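What follows is a short report on a single structure.
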Number of protein chains: 2
Amino acid sequence: MPETPAPAAFPEKIRLNDLVCFAVYSANNAFNRFYKPIMAELGLTYPQFLVLMALWEEDGQGVGQLGERLGLESNTLTPLLKRMETAGVIERRRDKADERRVAVQLTPPGRDLEAKAGALLACVPQATGMTTDELVELRTAVERLRDNLACARDGD
Amino acid sequence: MPETPAPAAFPEKIRLNDLVCFAVYSANNAFNRFYKPIMAELGLTYPQFLVLMALWEEDGQGVGQLGERLGLESNTLTPLLKRMETAGVIERRRDKADERRVAVQLTPPGRDLEAKAGALLACVPQATGMTTDELVELRTAVERLRDNLACARDGD
DNA sequence: CACGATTAAATCGTGCGCGATATAATTGGG
DNA sequence: CCCAATTATATCGCGCACGATTTAATCGTG
């Protein structure tokens, strides 16, 4: 009589709570919900805020550079940037040297939001209930996960 | 002459890459992109797959229970479930005892997807480039972050 | 210089995710 | 028993996110 199949080798049914992807998915939703009222005070959405973050680091980036920075395509960014232009926080202008490119420039109101945002976001670390060290470690791990997934999807 | 202001005490400008929320946001997008072709083979979207996961654990859940499980509201779930019903993987039926409730039942095709999904998702841990222990640790930390954000948003 | 190939944005359609609201069924206090 | 309050879904509108395609400008090779 052969050995009974090792229970440990028998693949447990995978549950929702075992999936890293679900943890990330639901944490992202939780961040969105947490940020929504804060962003509303700035007259922004959360993705629009991320675009502004990128522009506060380097103004005048093209749509493609922003997409590279944020991991988004022009089909997402173009309408988003148009809404931000309507809201008066950025301006979009064609590059004179290369008319294919569109440079995104902060307006003075767009620049002024940086200080306000800094003040409003000061509460976030507290809300995470984690120490600074834990947050750095977590962020580093999530970035590694993200980058590995991205390059596994492309050519390894 | 006074000391030069301590550089360490001077609050560095916060950069996109310092934000945990951006790491989570971009990792979630990366998961979506990674899963998309896999889910396409199952005829599903990623959120639809998460609903099926919940139903494979417990069939016949109501819309509200599913929402609780996934962290979603009826305004997200109702149209999503209708698409899944059209796709033939679930059925929705009003509860006889309480006509307000809608129970979500797996169809045989919906049940059969569990095995296929298991096979197709076997490649995921490899793609993350992390060890099992690292993934467990990461998932636990992300869940803690998510839960803390959720309860900070409600009544602390 | 010409013209196909490449590059950069924009457009289109679909599916979430959610705030606000509506609809319908059940419950509970007088 | 009745009707206001509560509960469970559903509806509506908006803003992402993205695959597929289009438009327009630039580049490269002959």
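The values are calculated or read from the model by the stated rules, or taken from the named source; none is laboratory data. Remember, predicted model here, so these are calculated numbers, not experimental data. When we count neighbours, we look across all protein chains shown, and the Cβ atoms used for this are built from the backbone with ideal geometry, even at glycine. Protein only, heavy atoms only, side chains kept; ligands, DNA and RNA dropped before computing areas. Shrake-Rupley method; radii C 1.70, N 1.55, O 1.52, S 1.80 Å.
I'd like the residue in the range A:68-121 that is farther than 22 Å from residue B:13 by Cβ and among the small types (Gly, Ala, Ser) and, out of all such residues, is surrounded by the fewest Cβ atoms within 10 Å (Cβ to Cβ).
Residue satisfying both the conditions and the ranking: A:97.
What number of residues within the range B:17-43 satisfy the criterion of being in contact with a Lys or Arg (Cβ under 7 Å, 6 or more places away or on another chain) and over 21 Å from residue B:110 (Cβ atoms)?
Let us first name the residues in the range B:17-43 that are in contact with a Lys or Arg (Cβ under 7 Å, 6 or more places away or on another chain), namely B:20, B:23, B:26-27, B:30, B:33-34, B:42.
When the remaining residues are screened for being over 21 Å from residue B:110 (Cβ atoms), the result is B:20, B:23, B:26-27, B:30, B:33-34.
Looking only at that region, the number is 7.
Which of the residues that make up the range A:1-17 are exposed (fewer than 15 other Cβ atoms within 10 Å of the Cβ) and either within 34 Å of the chain's Cα centre (by Cα) or modelled with pLDDT of 80 or more (or both)?
Step one: list which residues in the range A:1-17 are exposed (fewer than 15 other Cβ atoms within 10 Å of the Cβ), which gives A:1-13, A:15, A:17.
Within the range A:1-17, A:12, A:13, A:15, A:17 meet the criteria.
Matching residues to (1) away from chain A (no Cβ under 14 Å); (2) within 12 Å of DNA strand D (Cβ to nearest atom):
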site: B:32; (1), (2): no, yes
site: B:74; (1), (2): yes, yes
site: B:108; (1), (2): yes, no
site: B:116; (1), (2): no, no
site: B:125; (1), (2): no, no
site: B:130; (1), (2): no, no
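Suppose the filter is of a type in the set (S, T, N, Q), under 23 Å from residue B:146 (Cβ atoms) and either free of Cβ contacts under 8 Å to residues at least 24 places away in the same chain or touching a helix residue (DSSP H, G or I) at 6+ places or on another chain (Cβ under 6 Å) (or both); does residue A:75 pass it? Don't jump to the end; show me each part of the working.
Details: of a type in the set (S, T, N, Q): yes; under 23 Å from residue B:146 (Cβ atoms): no; either free of Cβ contacts under 8 Å to residues at least 24 places away in the same chain or touching a helix residue (DSSP H, G or I) at 6+ places or on another chain (Cβ under 6 Å) (or both): yes.
No: the conditions fail for residue A:75.
For the range B:78-123, which positions are touching a residue at least 12 places away in the same chain (Cβ under 8 Å), more than 9 Å from DNA strand C (Cβ to nearest atom) and touching a Pro at 6+ places or on another chain (Cβ under 8 Å)?
Selection gives B:88, B:89.
Residue B:28 - would you say it is of a type outside the set (Gly, Ala, Ser), within 11 Å of DNA strand D (Cβ to nearest atom) and open to solvent by 40 Å² or more (accessible area, probe 1.4 Å)? Working first, answer last.
Details: of a type outside the set (Gly, Ala, Ser): yes; within 11 Å of DNA strand D (Cβ to nearest atom): yes; open to solvent by 40 Å² or more (accessible area, probe 1.4 Å): no.
Taking the combined requirement at face value, the residue does not satisfy it.
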